[in-house]
Structure formats: C-alpha cells, structure tokens
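Worksheet: the structure to be examined is printed underneath.
The values are calculated or read from the model by the stated rules, or taken from the named source; none is laboratory data. Being a predicted model, the structure only gives us computed values, none of them experimental. So basically every Cβ, Gly included, is an ideal-geometry build from the backbone, and we count neighbours across all protein chains shown.
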C-alpha cells in the first residue's frame, strides 16, 4: 500500500469541494449565534427547544472540526512523504503516509456523502422495517438474515438501535422486524436500502438441496422531529396487548407487555415488544404510527412517496434493488448502481454495506453511472 503527493492533492481538492457543499462559513456564523443563545438567561426554560438547538450546535461543530482534522491529516501525510524522500524512501514513513491517506479517504467519503443529504429528515434518525415476501419459510429466514445484517451495519456505524418488534416465525426465521436507529445521517444513509432484496441459495429447508430464490422488503421512514406534530384521535386507534416473543422462540418476558396499535381509519398496524412495560411499548408504537401517518399525508398531498421511502412494489420477482447470490456463485450486486462484491459474507455477516450505500447516493445525485441495461437484464 503506497500513496503519492498527487493522490494527496486529489484528496485536498475533494475536501475543498466538500467544504463548499457543507457551507462551513455559514455554519461558523451559526455556531456563534447558537452559542450566544445558549448563554442567555432562561435558555433551558423550554427544554425541548433547548435540546434541539444544542443538537444543531453539536452538528455544526462536528462538521467544522471534521474538515479541520482532514486538512491536518493531509498536511501530516505530505510531511511524512517529504521526510521519507529525504531519507531515501524510508518504508516506515511511507507506510504511515499511506495509512493516513487511506483513513482520510474514508473520512472524506463520509463528509461528501453527508453533503449530498438535502432532504428535510436526512440528518436525523430512522425507522427500518423488514418484511418477508415471496418464498414462504425461506422468506422468513431471509428476513432474519437481513435483520442481523442491519444490526451489524448499525454497530459498525456506531448508531444506537432499539429493536421495536422482531417476533419469531413458527418454523424458521422471523415474521418481521422493526428497529429504530439513532445516529447522524441515519435516515439519509438507510433510505438507500428501501426496496426489495433478493436471495439465491441452496435451501436449508429442502431435503433435496435445491436452489431457492426468495425475497424480503425493506421500508425506511424518518423519526419525526419534536417540532412536527401529528394528531392522532384516541378514538381512531385500537390497542391490544399480548405475550412478547423473540427470534428463535426465546421469550422476551413472561408478561403481557407487547403492544399492537391499529389505526382504524387507515388500517395501519404497529407492534412493539422490546420494552418491559406496556406503557413504553405503546409509546414506541405511537412514535412509529405518527411517522407512518405523516408519510401517508405527504403521499396524499404531494403524490411523492418516492421522496420518503421509494416506490411501492410487490416483494417478489422483477422488483428487487439488490441481489445476494450464494449459489451457484458468490456475489452481491446492486441493480440500480452496478456496485457489486464477490464476498457476500462481508455484507451479510459483517454488515459491510458502505460501498452499496455510498454507491447508491453517488448514483442518485448524478455523481456516478448506474449499470448498463444489459447488466440489469442479466441479473434479473
């Protein structure tokens, strides 16, 4: 692994573009404004408003510091290269420069990606739901595999995850999964995953070991900020309680703490069983229900569901956004962008989704080309 002054100059040019996209001069002015507000008497009289402003202040400072750290890293790598050249190509210094450049590239990728997030909720938290599609028992197992993949990915990103609902299926896998993900850009990042995911493998439930194709659908919606109010008439909802259960048939607890909330006018059903009490589970259900009702209202008002979670499709053949092939060859390929890998274990077992998520956002913002029509047809 080596690097060069040309490669570092290219990183510096990318960083300058990111700095412009992030409007750092405006953010520096905003930091000064927010710090002045936070020092005013009575700032914490309205705790919710104060927390919102402090979160904005923290985010602005984080972006400013990230660019400053990256500039310092490029300067350090250039200094290491110059010193290595003076010492006749010192391998230790060259390795240090290469390692710094590699880490910088990942950081600039993150900042570049963040600069593309212009949606109202992109920088906030997300609610991700996985449901089995065509494929019977296999689809329930595939849903569980995706659930574990996203849990791994969130851990890699350092995001906090709350498992709202993940009931075990009767034979294999899970009936569905809903998780709330808290972290910077969580919704912006994860909306790349909304759509139908296809798995091709030798069926573990087939005695004849035949190849099976199965599907699961992923829905991603934003957690609504506190300043967005969604009114829900108590007379419009039905609340049911029942025993909670977890993946693999393990009981989460032995009381009737799991909650199912049905919104009668729309037919929307939300279930939560992660918390130990009905009150907590009901609160989580209502948060998810309000987010879904808000999304539904946007759809009616703007006819633009694509802006929130992508178009609705049958969870089956012809509608997949990504294929995971474990047999007769090994490959994961995104059919929108053409991004692929021959190491599905890294994706499914380790949650290495960044290449696919970064690739999607580059493609969606016009910074990369998608696959050819021929590639798409071959994969379908």
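Condition (residue is in a strand (DSSP E or B) and either touching a strand residue (DSSP E or B) at 6+ places or on another chain (Cβ under 8 Å) or crowded, with 19+ Cβ neighbours inside 10 Å (or both)) applied to segment 223-230: is it met by at least one residue? Within segment 223-230 (the criterion being in a strand (DSSP E or B) and either touching a strand residue (DSSP E or B) at 6+ places or on another chain (Cβ under 8 Å) or crowded, with 19+ Cβ neighbours inside 10 Å (or both)), the answer is no, since none of the residues qualifies.
Against the numbered list (1) at pLDDT below 90; (2) not in a helix (DSSP H, G or I), residue 161 comes up short only at (1).
Closer than 22 Å to residue 59 by Cβ, at pLDDT 95 or above and part of a strand (DSSP E or B) - does that describe any residue in segment 167-179? Checking segment 167-179: not a single residue is closer than 22 Å to residue 59 by Cβ, at pLDDT 95 or above and part of a strand (DSSP E or B).
Among the residues examined, residue 189 qualifies as at pLDDT 90 or above, in contact with a helix residue (DSSP H, G or I) (Cβ under 6 Å, 6 or more places away or on another chain) and assigned to a helix (DSSP H, G or I).
Could you check, for segment 114-122, whether at least one of its residues is touching a strand residue (DSSP E or B) at 6+ places or on another chain (Cβ under 6 Å), within 30 Å of residue 197 (Cα to Cα) and either surrounded by fewer than 17 Cβ atoms within 10 Å (Cβ to Cβ) or not assigned by TED's automatic domain parsing to the domain that holds residue 220 (or both)? Yes, because at least one residue in segment 114-122 is touching a strand residue (DSSP E or B) at 6+ places or on another chain (Cβ under 6 Å), within 30 Å of residue 197 (Cα to Cα) and either surrounded by fewer than 17 Cβ atoms within 10 Å (Cβ to Cβ) or not assigned by TED's automatic domain parsing to the domain that holds residue 220 (or both). All told, residue 70 falls short of being closer than 18 Å to residue 10 by Cβ and without any contact (Cβ under 8 Å) to a residue 40 or more places away in the chain. Annotation note: of 134, 140, the sole residue that is in a loop (DSSP other than H, G, I, E, B) and closer than 21 Å to residue 204 by Cα is 134. Among the residues of segment 148-170, the ones that are within 20 Å of residue 325 (Cβ to Cβ) and buried (at least 18 other Cβ atoms within 10 Å of the Cβ) come to 3 in all.
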